[in-house]
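These notes are about the structure you will find just below.
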Amino acid sequence: MPGSTELPLKVAIIGSGPSGFYAAEALLRSGRIVEVTMIERLPVPYGLVRSGVAPDHPKLKQPILVYDRIARSAAFFFLGNVHVDRDIGMGELMDTHHAVVLACGAGTDRRLGIPGEKLPGSHPASEFVGWYNGHPDYHACTFDLAQEVAVIIGQGNVALDIARILVKPVDHLRHTDIAAHALDALAKSRIREVHIVGRRGPAQAKFTSQELSEIGEIAQCSAVVHPGDLDLSETCRIEAADKMSRNLAKNLETFRRFASGSSDAHRRCYFHFFRNPRQISGHRRVEGVRFARTRLTGEPFRQAAVDTEEFIDMPCGLVFRSIGYHGVPIAGLPFDDARGTIPHRDGRLIDPSGNAIRGLYATGWIKRGATGIIGTNRADSVATVASLLSDLPGLDTMPKSGSAGLAAMLAARGKRHVTYEEWLRIDETEVRTGRAKGKPREKMTRVQEMLAVCGAACD
Ligand code: NAP
């Protein structure tokens with residue numbers, strides 16, 4: 001029984017992004033005899049740190065050093081290239097482990113739900129981000145960078161990442177780990193204007209101050225705000241005056257700087273506010289976006305945008321919908337479709353009657369929604385693991401076969417999994433190939449390539 005310390009507590013973690021690794025760390029540091037099996041759909045680990053963080057933000061990838069240390073623990077087993085639901089069932093994970101922690105993130109984009117959303121030339125943020133970061137799911141995506149004007153809907157940090165990649169001189173990306181196909185395409189890009197559009201005001205934009213300010217420092221690019229847009233309403237002013245929010249004060253200062261600067265550079269990045277997207281227009285492909293002008297209602301800090309009768313048409317050839325991510329349900333488990341998360345109490349999955357489901361836990365974006373920076377996941381995972389450990393007396397008392405049992409099941413099905421040692425071979429190959437081009441690594445963008453390095457036949 002895990003609680004009585006004789007038998008090792010075997011925990012499966014689904015997902016190898018930050019929340020998964022921080023859960024593994026919390027378990028391995030718990031002082032108990034623990035074995036962690038980390039299951040990842042791709043042959044490569046690290047989730048959004050590898051395929052979400054922008055290539056020109058290498059410092060944000062440093063947590064990988066911590067994750068690598070965790071993964072080298074003798075009690076940690078990585079099973080990459082394994083798709084839960086398809087290759088292995090949740091029931092089988094529960095049978096082979098005392099507990100399962102879902103750390104599978106938010107696998108898809110929120111929908112706008114407006115006409116024209118799927119017109120050619122309109123892309124969800126995840127497609128562009130996955131493409132420039134070499135995620136195998138997106139290597140075949142194409143973006144018409146022969147267009148001169150792009151609109152990004154949404155004012156969060158992902159919108160800023162997309163804007164930077166579009167307007168940065170390509171030579172400033174050459175020595176990053178950006179995917180080779182993206183670098184080639186961006187080298188031929190004719191994009192001149194990027195418009196980042198929010199449905200609420202400058203005081204409600206979700207940018208972090210450093211990321212926003214960085215837009216003003218891009219070579220050969222002007223950041224532009226129409227001064228009229230910075231006329232804050234009374235409630236905005238209350239938010240702006242709030243001494244607690246240093247981020248907001250800095251953002252407003254940055255917007256004011258953008259509003260007073262020149263706009264004569266080769267490329268321009270515009271910020272627009274109070275515009276709610278109502279239609280992506282065009283005949284065969286995107287030709288523009290129709291917005292309703294909005295006004296804010298409600299209490300400070302909780303203000304919502306309501307549409308007025310005024311419409312604004314913005315012609316453009318490309319649209320990126322960067323309005324946040326949404327979780328994907330796992331067969332047989334409860335799911336809150338409105339929030340895109342798994343219902344839980346203190347990290348314990350709960351059924352529709354509100355009862356905790358024994359042995360099942362959640363952490364990260366699938367637990368709290370797609371918010372927060374990488375470090376936010378540490379506290380979140382520590383809290384979930386605390387719930388798990390306090391439940392130990394009530395968990396299954398039988399010995400479990402853990403990673404070995406799971407590996408045997410996969411082998412019997414002819415499913416080749418990738419171990420952490422094999423990932424290190426992929427890693428070494430990527431770093432070597434990158435070094436020859438002056439890049440930190442050249443990412444493999446196809447699962448087959450990755451498996452070939454492991455000496456595995458493709459499946
Ligand atoms: P986000 O921060 O939640 O921003 C989403 C934006 O989309 C908001 O401006 C939101 O406006 C808008 N939006 C949502 N629904 C909309 C709709 N129906 N119509 C129009 N606009 C809509 O999401 P994100 O940019 O995807 O970022 C996700 C998380 O990753 C965030 O916590 C972010 O900070 C983090 N991240 C961090 C970094 C970094 O640290 N460098 C980089 C990338 C991402 P409302 O506010 O009005 O809802």
(request) Give, rounded to the nearest 20 debye, the magnitude of the charge dipole that the chain has about its Cα centre when Lys and Arg contribute +1 at Cβ and Asp and Glu contribute -1 at Cβ. (result) 500 debye
(message) Give me the three principal axis extents of the range 104-185 from the C-alpha atoms, as integers in angstrom, largest value leading.
(response) 38, 35, 24
(message) Can you compute the helix-only [θ] at 222 nm over the chain? Use -39500 (n - 2.57) per DSSP H run of at least 4 residues, normalise by all residues, nearest 500 deg cm²/dmol.
(response) -9000 deg cm²/dmol
(message) Please give the charge dipole size of the range 110-325, origin at the Cα centre, charges +1 on K and R Cβ atoms and -1 on D and E Cβ atoms. Round to the nearest 20 debye.
(response) 180 debye
(request) Normalising by the residue count of the chain, find the relative contact order in percent from Cα pairs under 8 Å and 6+ residues apart. (result) 22 percent
(message) Which residue, A182, A146, G156, has the largest displacement toward the positive end of the dipole of the range 110-325 when charges sit on each Cβ (Lys, Arg +1; Asp, Glu -1)?
(response) G156
(request) Could you tell me which trypsin sites (Lys or Arg not before Pro) in the range 379-418 are loop residues by DSSP with no more than 15 other beta carbons within 10 angstrom of their beta carbon? (result) R413
(message) Please list 3J(HN,Hα) in residue order for the range 72-81, calculated via the Karplus relation 6.51 cos²θ - 1.76 cosθ + 1.60 where θ = phi - 60°; whole Hz, with x for glycine and proline.
(response) 7, 5, 5, 9, 10, 10, 9, 10, x, 6
(message) Would you report the distance distribution of C-alpha pairs in the chain as whole percents per 20 angstrom bin, up to the bin with the largest distance?
(response) 23, 52, 24, 1
(request) Please give the per residue accessible area of the chain, computed with a probe of 1.4 Å over protein heavy atoms only, in Å². (result) 44 Å²
(request) Return the loop-located trypsin sites (Lys or Arg not before Pro) in the range 61-95 (DSSP other than H, G, I, E, B) with at most 16 other Cβ atoms within 10 Å of their own Cβ; answer none if there are none. (result) R72, R86
(request) Restricting things to alpha carbons, tell me how big the range 110-325 is in terms of Rg and Dmax, in Å. (result) 16.9, 49
(request) Calculate the translational D of the range 103-148 in whole µm² s⁻¹ from Stokes-Einstein, where the hydrodynamic radius comes from the Kirkwood formula applied to all Cα pairs, the temperature is 25 °C and the viscosity 0.890 mPa s. (result) 202 µm²/s
(message) If you build the convex hull over the alpha carbons only and average its shadow over all orientations, what do you get for the range 332-459? Give it in nm² to one decimal.
(response) 11.5 nm²
(message) Within the chain, which is the longest segment that contains none of the GluC sites (Glu not before Pro) sitting in a DSSP loop with at most 10 other Cβ atoms within 10 Å?
(response) 218-459
(request) Compare the Cα positions of A452, A411, L248 along the charge dipole of the chain (+1 at Cβ of Lys, Arg; -1 at Cβ of Asp, Glu; about the Cα centre) and return the one farthest towards the positive end. (result) L248
(message) Charges at C-beta only: +1 for Lys and Arg, -1 for Asp and Glu. How large is the resulting dipole of the range 1-119 about its Cα centre, in Debye rounded to 20?
(response) 400 debye
(request) Could you please report the charge total around P329, scoring K, R as +1 and D, E as -1 over all other residues with beta-carbon less than 13 angstrom from its beta-carbon? (result) -2
(message) If I model a spin label at D313 and R86 as a point 7 Å from the Cα along the Cα→Cβ vector, what separation in nanometres do I get?
(response) 4.3 nm
(message) Under 8 Å for C-alpha pairs, at least 6 residues apart: give me the relative contact order for the range 110-325, rounded to a whole percent.
(response) 31 percent
(request) State the extension gain, in nm to one decimal, for the chain segment bounded by A452 and A412, taking 0.36 nm per residue of separation less the distance between their alpha-carbons. (result) 12.3 nm
(message) For the range 120-140 and the range 387-450, what is the centre-to-centre distance using only Cα atoms, to the nearest Å?
(response) 23 Å
(request) Mind ranking S263, S387 by accessible surface for me, highest first, 1.4 Å probe? (result) S263, S387
(request) Could you rank I323, I426 by how accessible they are, 1.4 Å probe, largest area first? (result) I323, I426
(message) Less than 11 Å Cβ to Cβ from F258, Lys/Arg counted +1 and Asp/Glu -1: what total charge do the surrounding residues give?
(response) +1
(request) Specify which residue in the list A259, I191, P115 is farthest towards the positive end of the charge dipole of the range 110-325, using unit charges on the beta carbon of Lys, Arg (+1) and Asp, Glu (-1), about the Cα centre. (result) P115
(request) Compute the FRET efficiency between R257 and D171 as 1/(1 + (r/R0)^6), taking r as their Cβ-Cβ distance and R0 = 30 Å, and round to the nearest 0.05. (result) 0.75
(message) Within 15 Å, Cβ to Cβ, of R378, how many net charges do the neighbouring residues add up to if Lys/Arg are +1 and Asp/Glu are -1?
(response) +2
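The values are calculated or read from the model by the stated rules, or taken from the named source; none is laboratory data. Please read these numbers as outputs of a predicted model, since none were measured by experiment. We place every Cβ from the backbone using ideal geometry, glycine too, and count neighbours over all the protein chains shown. Heavy atoms of the whole protein, side chains included, go into the accessibility calculation; ligands, DNA and RNA do not. Shrake-Rupley method; radii C 1.70, N 1.55, O 1.52, S 1.80 Å.
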